[in-house]
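Written below as structure tokens is the structure these notes are about.
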Amino acid sequence: VKQNPKVSTKSKMNLERINFQILTKKYILAKNNHFMNTKAEKVSLLCDMIAFAIVDGELHEREYMFLSIIAVELGISKEELNQLFHEEHRSEIIKSEFERIQQFYRLALLMHCDGVLHEREEIKIREIGINMGLNPFAMKRVLKAMEESPTSMVHPDFLLEVFQEQHN
């Protein structure tokens, strides 16, 4: 378990408030959900995020808040979101690379939103990224940049650039 030593608890609380405001405006999270054609795809995405959120053995309040924001952006009600915590789920294959990068970033933000990086989360996010067919070096660069950022966020252009570099 690693705490981010660069951010004090008080400033971290202020950053969290700001982060959630920013997150709802960033296209990389869910605004471009027109790529997902069906409600089933959106529910699958949320179920994957829920499974990842509890990989460390508990669901933190900030993780739930983050999941709620994503659910709203995807057009999923709070009641439906809450029901997903009690259902078994099989992941659907994410077709486009852009959607896979979006999902990886959502999971990385979810991993950072409680302020504690658990070893199991780090292992699981790499495993998920590899299973989605993402480049391990690009994933490592993004995760490192997020860890070094005081807000635990990276600019969407940087995110896409890192993954596109790996194609050259």
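On the basis of being open to solvent by 90 Å² or more (accessible area, probe 1.4 Å), part of a helix (DSSP H, G or I) and touching a residue at least 60 places away in the same chain (Cβ under 8 Å), does ARG106 make the cut? Walk me through it before giving the result.
Values: open to solvent by 90 Å² or more (accessible area, probe 1.4 Å): no; part of a helix (DSSP H, G or I): yes; touching a residue at least 60 places away in the same chain (Cβ under 8 Å): yes.
No; evaluated as a whole, the condition is false for this residue.
Checking each residue in region 113-129 for being closer than 19 Å to LEU45 by Cα and in contact with a helix residue (DSSP H, G or I) (Cβ under 6 Å, 6 or more places away or on another chain) picks out CYS113, GLU121, ILE125, GLY129. Just the residues that are part of a loop (DSSP other than H, G, I, E, B) and polar (S, T, N, Q), please, taken from region 128-164. Listed by number, the residues that qualify are ASN135, SER149, THR151, SER152.
Please verify whether region 58-67 includes one or more residues that are charged (D, E, K, R), open to solvent by less than 40 Å² (accessible area, probe 1.4 Å) and at pLDDT below 90. Walk me through how you get there before you give the answer.
Step one: filter region 58-67 for residues charged (D, E, K, R), giving 58, 61-63.
Now drop any that are not open to solvent by less than 40 Å² (accessible area, probe 1.4 Å), which leaves 63.
Now drop any that are not at pLDDT below 90, which leaves none.
No, because not a single residue in region 58-67 is charged (D, E, K, R), open to solvent by less than 40 Å² (accessible area, probe 1.4 Å) and at pLDDT below 90.
Residues in region 122-168 that are in contact (Cβ under 8 Å) with a residue 60 or more places away in the chain and hydroxyl-bearing (Ser, Thr, Tyr): THR151, SER152. Take GLU92 and tell me if it is out of contact with any Lys or Arg (no Cβ under 6 Å at 6 or more places or on another chain), touching a residue at least 24 places away in the same chain (Cβ under 8 Å), within 17 Å of LEU107 (Cα to Cα) and not in a helix (DSSP H, G or I). Yes: the conditions hold for GLU92.
Could you list all residues from region 69-88 that are part of a loop (DSSP other than H, G, I, E, B) and open to solvent by less than 70 Å² (accessible area, probe 1.4 Å)? Quick ask: steps written out before the conclusion?
Start the filter on region 69-88 by keeping residues that are part of a loop (DSSP other than H, G, I, E, B), which leaves 75-77, 85-88.
Result: GLY75, ILE76, SER77, PHE85.
Can you name the residue in region 45-56 that is in contact (Cβ under 8 Å) with a residue 40 or more places away in the chain and open to solvent by 10 Å² or more (accessible area, probe 1.4 Å) and is also nearest to LYS124 (Cα to Cα) among such residues?
Filtering region 45-56 for residues that are in contact (Cβ under 8 Å) with a residue 40 or more places away in the chain and open to solvent by 10 Å² or more (accessible area, probe 1.4 Å), the one nearest to LYS124 (Cα to Cα) comes out as VAL55.
The values are calculated or read from the model by the stated rules, or taken from the named source; none is laboratory data. These figures come from a predicted structure and were not determined experimentally. Virtual Cβ from ideal backbone geometry, glycine too; neighbours counted across all protein chains shown. Ligands, DNA and RNA are excluded from the accessible area calculation, which covers all protein heavy atoms including side chains. Shrake-Rupley method; radii C 1.70, N 1.55, O 1.52, S 1.80 Å.
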